[in-house]
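For reference, the structure discussed in these notes is given below.
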Amino acid sequence: MEHESFPIGTADILLYLAAAGVAVPLLHRLGMGQVMAFLLIGVLLGPHVAGRLVELAPWLAPLTFKDPHMLERLGGLGVVFLLFMLGLELSLDRLASLRRWLIGLGSLQVGVTAAVIAAIAWAYGNGLAASTLLGLSFALSSTAVVMQLLIEQRRQASEAGRIAFSVLLAQDVAVVPILLLVGLLSGFAAADPWGALAETLVLTALALAAFLLLGPRVLRPLLRLASRAAGRDVLVAAALLLVIGSAGLTASAGASPALGAFVAGVLLAESEFRHTIEADIEPFKGLLLGLFFVTVGADVDPLAILPDLPIVLLSVIGLAAIKAAIVAGLGVALGLALPVALEVGILLGQGGEFALIVVGLAVQAALLAPETARFMVAVVLVSMLASPLLARFGQALAASVRARAGRSSAEPPESAWPAEEADHVVIAGFGRVGRTVAQLFDQAQIAWLALDLDAARVAQERGHARPVYVGDAGRPEILARVRLEAAQALIVTLDQPAAAERTVQAARRVAPRLPIVARARDAEHARKLLELGADAVIPETVEASLQLAGRAFEIMGLPAEEVALRLARERDLLLAPEAG
């Protein structure tokens with residue numbers, strides 16, 4: 001019986017997983033960032049390098065991507081997941097705080113950059129339609145590349161990271177009218193182009209309005225139902241449905257799929273499921289986004305670029321210089337510090353994947369000569385490959401400008417961005433004991449947040465505006481999402497011994513020096529928790545909650561007299577007849 005080989009798509013996916021699990025970590029240990037590693041793997045294992053060598057060395061066939069376009073479709077989901085995760089980091093209030101940069105700097109950057117690049121393209125003999133399309137498409141940068149670089153460097157919440165994200169979001173919104181213009185200029189639109197334009201704008205507006213109006217009434221109840229029904233697995237499935245469904249809804253209206261996913265993330269940013277969804281979606285986002293970078297690298301044909309490499313490199317440098325100069329000028333005019341404006345401009349200096357789409361459409365419509373199109377594609381791809389180098393250069397240039405101006409190389413205070421959790425107390429478990437501890441922290445005006453697996457309980461507490469989230473405190477990725485490493489203390493009030501032990505173990509991995517006060521069932525359980533890393537353990541008694549809070553207050557340095565007064569007052573309330 002003859003054995004069948006793997007289908008092409010399956011073989012490509014297995015090769016990608018092998019590269020992600022083996023090659024990327026090895027390259028990372030050599031000092032190469034993840035984005036650059038995935039791009040390099042795409043170049044080497046793509047059809048233009050390994051694919052050509054297969055004829056000379058057939059044994060390389062299993063190490064060659066045979067259908068990069070299939071991987072590209074999956075990689076596009078990575079961008080969708082990235083925008084959803086970024087949306088989870090921003091509530092509507094936080095998004096409103098960025099409106100100055102999103103609407104002001106973002107829209108101006110797209111308009112001015114498009115005009116400058118279109119004028120250059122016109123000067124080189126391109127037609128008006130082709131020059132306009134090239135200007136608009138090259139004005140946009142790669143959201144996936146830039147944001148992943150910032151995340152990799154843990155700089156997405158820095159001032160430069162916030163401004164760059166605002167501009168990128170404005171660019172994503174600009175994709176809708178640019179796509180409509182592509183249709184109008186290339187003749188792909190309907191017989192009534194203005195009618196088609198109006199229809200697409202109306203559909204996009206309706207889709208976004210439906211998200212904003214119905215989202216809070218639909219998304220959270222759906223997630224609560226999934227959480228109560230069957231726990232984590234069904235909740236993950238529901239989260240995936242929300243991401244892909246929201247992207248599909250806006251795509252069907254003619255807008256960017258990533259825009260719909262971003263809006264869905266924003267609507268869930270203040271929900272009790274935020275941290276759990278982040279932890280569950282992260283692996284999908286990381287794998288699929290890496291796949292996106294691989295497909296970008298697979299499109300690079302070194303032999304085709306080599307003859308024109310000097311002019312391609314000069315064009316990449318010129319593109320970055322134009323964008324940096326425009327962003328720096330506009331940013332400074334809008335009140336941005338020059339070092340930050342320069343760093344953002346250079347960070348956004350690459351071309352984006354959208355330019356590849358526009359160039360392809362322009363060639364199909366005979367608006368752009370094939371040889372010009374090949375050159376433009378080479379510039380975009382090389383600029384994306386050079387993005388990690390551009391990011392480092394921008395950061396170094398910003399530091400140099402600050403030093404020359406006599407300022408510290410550290411960034412200025414980040415007052416424009418609402419602070420994330422810090423100097424807070426994390427409470428694991430929000431039953432009777434957890435609620436009592438939280439009340440004492442409220443009275444002392446100490447910030448706290450709690451994790452609990454009971455979705456109904458969490459929904460009830462959030463109805464009283466309490467910062468309680470659905471999440472398993474025994475999972476390190478959940479504790480990382482609530483920024484345990486920046487907390488003042490962890491209070492473990494879980495009544496299940498195994499769950500309490502898992503939580504202490506996970507907390508010690510995430511925050512080795514964090515003070516941990518834990519509730520124990522008995523003396524044996526208390527000894528076990530101490531062995532696992534708890535700093536203080538309170539055996540389960542009538543006064544368990546009071547002792548937990550009192551010990552936490554002492555660790556955090558409150559005066560003993562104040563601690564005793566607060567505990568005595570709360571003890572009187574708890575022991576009153578109506579409290580029992």
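The values are calculated or read from the model by the stated rules, or taken from the named source; none is laboratory data. Computed from a prediction, not measured in an experiment: that's the story for all the values here. Backbone-built Cβ (ideal geometry, glycine too); neighbour counts: all protein chains shown.
Worth pointing out:
- Which listed residue, of 452, 472, is closer than 29 Å to residue 566 by Cα and not basic (Lys, Arg): 452
- Listed here are the helices (runs of 4 or more DSSP H) enclosed by region 502-580 that have at least 2 residues being modelled with pLDDT of 75 or more and within 24 Å of residue 486 (Cα to Cα): 523-532, 544-555.
- Checking each residue in region 434-460 for being charged (D, E, K, R) and surrounded by fewer than 21 Cβ atoms within 10 Å (Cβ to Cβ) picks out 435, 442, 454, 457.
- Scan of region 442-460 for residues that are in a helix (DSSP H, G or I) and free of Cβ contacts under 8 Å to residues at least 60 places away in the same chain, ordered by number: 442, 457, 460
- Applying the set (1) within 21 Å of residue 396 (Cβ to Cβ); (2) buried (at least 23 other Cβ atoms within 10 Å of the Cβ) to residue 325 leaves exactly one unmet item: (2).
- Scanning region 356-373 for residues that are buried (at least 16 other Cβ atoms within 10 Å of the Cβ) and in a helix (DSSP H, G or I) turns up 356, 358, 359, 361, 362, 363, 372, 373.
- Subset of region 463-483 (residues that are assigned to a helix (DSSP H, G or I) and surrounded by fewer than 24 Cβ atoms within 10 Å (Cβ to Cβ)): 476, 477, 480, 481
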